[in-house]
Amino acid sequence: MSEESVLIRQYKDSDYPAVKELYLEGDLYSEEIDSRERLKSKSEKDPESLIIAESEGKVVGSVSTIDDERFAFIFRLVVSKKYQKKGIGKKLVSAAEELLKKRKYEMIYMLVNDNDEGLLNYYEKQGYKRGQNPHRFMWKKTLKS
């Protein structure tokens, strides 16, 4: 597989099983955030915000963007272990950055697992710096209907 043979495109609902598998492989999957219904709704509201990397007809990576006119985040970057170190993650991050730049953001944030030194080094190589924000953990609360 050459870097040129990777297609970067928008998510479609039929990608869901492969994307879920990638999330599971990367230990990222959360049913409350990553259910098929949630991804379908997100892709319908903002089709550009879910980005897929495809090689030879197979989904091999994905990244999402989240933005609300105040903040922009890159979220859920994942590349299949079999396809890592081939430039796919960089292509996905670049596509997400270009989208957010087009939307006039000058700063991009991401939540990163502080315990994964390899991942931290990867993001530093992509030009990201650790923030000085003291909020290091994401808290959550379930809203009941």
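Each value in this text was obtained by applying a stated rule to the coordinates, not by laboratory testing. Bear in mind that the values here come from a model prediction, so they are computed numbers and not experimental data. Note that we place each Cβ from the backbone using ideal geometry, even for glycine, and neighbour counts take in every protein chain shown.
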| field | Filtered residues of segment 27-56 (kept if within 29 Å of Glu69 (Cα to Cα), among the small types (Gly, Ala, Ser) and either outside any helix (DSSP H, G or I) or more than 14 Å from the chain's Cα centre (by Cα) (or both)) | value | Ser30, Ser35, Ser41, Ala53
| field | Criterion: without any contact (Cβ under 8 Å) to a residue 40 or more places away in the chain, among the hydrophobic types (A, V, I, L, M, F, W, C) and under 24 Å from Leu119 (Cα atoms) - qualifying residue of Ile52, Ile33 | value | Ile33
| In segment 4-26, the residues that are part of a helix (DSSP H, G or I), aliphatic (A, V, I, L, M) and either closer than 16 Å to Leu92 by Cβ or in contact with a helix residue (DSSP H, G or I) (Cβ under 7 Å, 6 or more places away or on another chain) (or both) | Ala18, Val19, Leu22
| request: Report whether or not Ile66 is free of Cβ contacts under 8 Å to residues at least 24 places away in the same chain, of a type in the set (A, V, I, L, M, F, W, C) and under 23 Å from Gly131 (Cα atoms). | output: yes
